[in-house]
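For reference, the structure I am asking about is given below.
The values are calculated or read from the model by the stated rules, or taken from the named source; none is laboratory data. Not measured: the values here are computed from a predicted model. As a convention, Cβ positions derive from the backbone with ideal geometry for all residues, glycine included, and neighbour counts pool all protein chains shown. For accessibility, only protein heavy atoms count, side chains too; no ligands or nucleic acids. Shrake-Rupley method; radii C 1.70, N 1.55, O 1.52, S 1.80 Å.
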Amino acid sequence: MPPRRSLAVVLRATDFGELDKLVTFFTLGFGRLSGIAKGAKKSRRRFGTNLEPFSLVRLHFFDKEHVGLVRVDQCDLLASFQALRQDLPRLACGLYALELVRELTAERERHRELFTCLVRFLELLAQVGPRGPLVVAFELKLLALLGFEPQLRACVGCRQELPSGTPAALSVEKGGLLCARCVPGVAETIPVAGPTLDTWREILHAELAHAAGRPFSQAALAESQTLLPRFVEVHLGRAIRSRGFMEEVLCVR
Ligand SMILES: [Zn+2]
């Protein structure tokens, strides 16, 4: 059984029995993996604080069955993102991002671009703090990279192109926007303003730092903060638990 290794972000770590830890990683090479770190609860010498959420590590592991849990052999810390653990708003946004990745990715399904996007998000969150646009940009990019992005260019009913600057209605169930003619036949549509849609279109193709730093109107931000979580919830079939905590901390509600 040859050892394997990959860059990885720690998504979650919980105690497992008397001595061990059960750790969920998002790895560059193998997607989301969970594994047992033997002795990690007791022996700080071997793992230190490398198994805490947010840590970017080089993970060495054994994968006997190619299913189920792996055995964590070693974790070399590359970046701890300590700033995220020392500031409540940063912590809340960071935990939300980790939960999004944990819940929306399938086990052992590789998403290299999403891995890069998550690491960039954690870097920016540590550097510039918990700005609303950063979280919105991450949500949109995550949806796009996993193939769930809302169809923003054309009506999902009649396929007609939607010109920029014009409002449309979002149907979460149909996975995109509807033009004014198609709205009446569809239940539960949500109107979205033209500038908000233009912002989303731009963010989807921009680098995360640019997307987070671009001017964002209060109206576009508020609309995004309401609609994107609903979009996520429909795909997932339930709410993201840490969303409420983040909203309380950031006083969004
Ligand atoms: Zn239409």
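Please work out which residue is farthest from Pro195 (Cα to Cα), limiting yourself to segment 220-253 and to residues that are out of contact with any helix residue (DSSP H, G or I) (no Cβ under 9 Å at 6 or more places or on another chain) and in a loop (DSSP other than H, G, I, E, B).
Restricting to residues being out of contact with any helix residue (DSSP H, G or I) (no Cβ under 9 Å at 6 or more places or on another chain) and in a loop (DSSP other than H, G, I, E, B), the top hit is Gly237.
Return the only residue of Val172, Val192 being in contact with a helix residue (DSSP H, G or I) (Cβ under 8 Å, 6 or more places away or on another chain) and crowded, with 19+ Cβ neighbours inside 10 Å. Before you say what the answer is, go through the steps one by one.
Details: Val172 fails: crowded, with 19+ Cβ neighbours inside 10 Å.
None of the others qualify; the one that does is Val192.
So which residues in segment 19-33 are among the hydrophobic types (A, V, I, L, M, F, W, C) and open to solvent by less than 20 Å² (accessible area, probe 1.4 Å), if there are any at all?
Looking only at segment 19-33, we keep the residues that are among the hydrophobic types (A, V, I, L, M, F, W, C), and these are 19, 22-23, 25-26, 28, 30, 33.
Within segment 19-33, Val23, Phe25, Phe26, Leu33 meet the criteria.
Which one is nearest to the ligand (Cβ to nearest atom), of the residues in segment 171-186 that are in a loop (DSSP other than H, G, I, E, B) and within 20 Å of Pro229 (Cβ to Cβ)? Outline the logic, then answer.
Keep residues of segment 171-186 that are in a loop (DSSP other than H, G, I, E, B), which gives 172-175, 179-182, 186.
Next, only the ones that are within 20 Å of Pro229 (Cβ to Cβ) stay: 172-175.
Values: Val172: 16, Glu173: 15, Lys174: 11, Gly175: 14 Å.
Among residues in segment 171-186 that are in a loop (DSSP other than H, G, I, E, B) and within 20 Å of Pro229 (Cβ to Cβ), the one nearest to the ligand (Cβ to nearest atom) is Lys174.
Could I ask something else about it? For the condition within 30 Å of Arg230 (Cβ to Cβ) and either crowded, with 16+ Cβ neighbours inside 10 Å or in contact with a Pro (Cβ under 9 Å, 6 or more places away or on another chain) (or both), what is the one hit in Glu113, Glu99, Glu52?
Details: Glu113 fails: either crowded, with 16+ Cβ neighbours inside 10 Å or in contact with a Pro (Cβ under 9 Å, 6 or more places away or on another chain) (or both); Glu52 fails: within 30 Å of Arg230 (Cβ to Cβ).
Only one candidate passes the filter, namely Glu99.
Can I ask one more? May I ask you to verify whether Val156 is more than 16 Å from the chain's Cα centre (by Cα) and under 21 Å from Leu100 (Cβ atoms)? Write out each step before concluding.
Details: more than 16 Å from the chain's Cα centre (by Cα): yes; under 21 Å from Leu100 (Cβ atoms): no.
So Val156 fails the test.
Something else about it: Does segment 34-46 contain at least one residue that is open to solvent by less than 30 Å² (accessible area, probe 1.4 Å), of a type in the set (Val, Ile, Thr) and over 24 Å from Lys141 (Cβ atoms)? So that I can check it myself, show each step before the final result.
If we filter segment 34-46 for residues that are open to solvent by less than 30 Å² (accessible area, probe 1.4 Å), which is where we start, we get 34-37, 39-40.
Next, from what is left, pick out any that are of a type in the set (Val, Ile, Thr): 36.
Narrowing further to those that are over 24 Å from Lys141 (Cβ atoms): 36.
The answer is yes; a qualifying residue exists.
Yes/no per residue for (1) crowded, with 19+ Cβ neighbours inside 10 Å; (2) out of contact with any Pro (no Cβ under 9 Å at 6 or more places or on another chain); (3) in the same structural domain as Ala106 (by TED's automatic domain parsing):
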| position | (1), (2), (3) |
| --- | --- |
| Gly165 | no, no, yes |
| Gly185 | no, yes, yes |
| Glu188 | no, yes, yes |
| Leu208 | yes, yes, yes |
| Ala219 | no, no, yes |
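Now for a separate question. Considering (1) assigned to a strand (DSSP E or B); (2) out of contact with any helix residue (DSSP H, G or I) (no Cβ under 7 Å at 6 or more places or on another chain), say which one Phe26 fails and leave the rest.
Every listed condition holds for Phe26 apart from (2).
Of the residues Arg230, Arg201, Arg181, which single one is closer than 18 Å to Glu139 by Cα and open to solvent by 50 Å² or more (accessible area, probe 1.4 Å)?
Numbers: Arg201 fails: open to solvent by 50 Å² or more (accessible area, probe 1.4 Å); Arg181 fails: closer than 18 Å to Glu139 by Cα.
The conditions single out Arg230.
Continuing with this model, one more query. Let me confirm something: among Gly68, Gly29, Gly48, which residue is touching a strand residue (DSSP E or B) at 6+ places or on another chain (Cβ under 9 Å) and modelled with pLDDT of 90 or more? Write out each step before concluding.
Values: Gly68 fails: modelled with pLDDT of 90 or more; Gly48 fails: modelled with pLDDT of 90 or more.
Selected residue: Gly29, the only one of Gly68, Gly29, Gly48 that is touching a strand residue (DSSP E or B) at 6+ places or on another chain (Cβ under 9 Å) and modelled with pLDDT of 90 or more.
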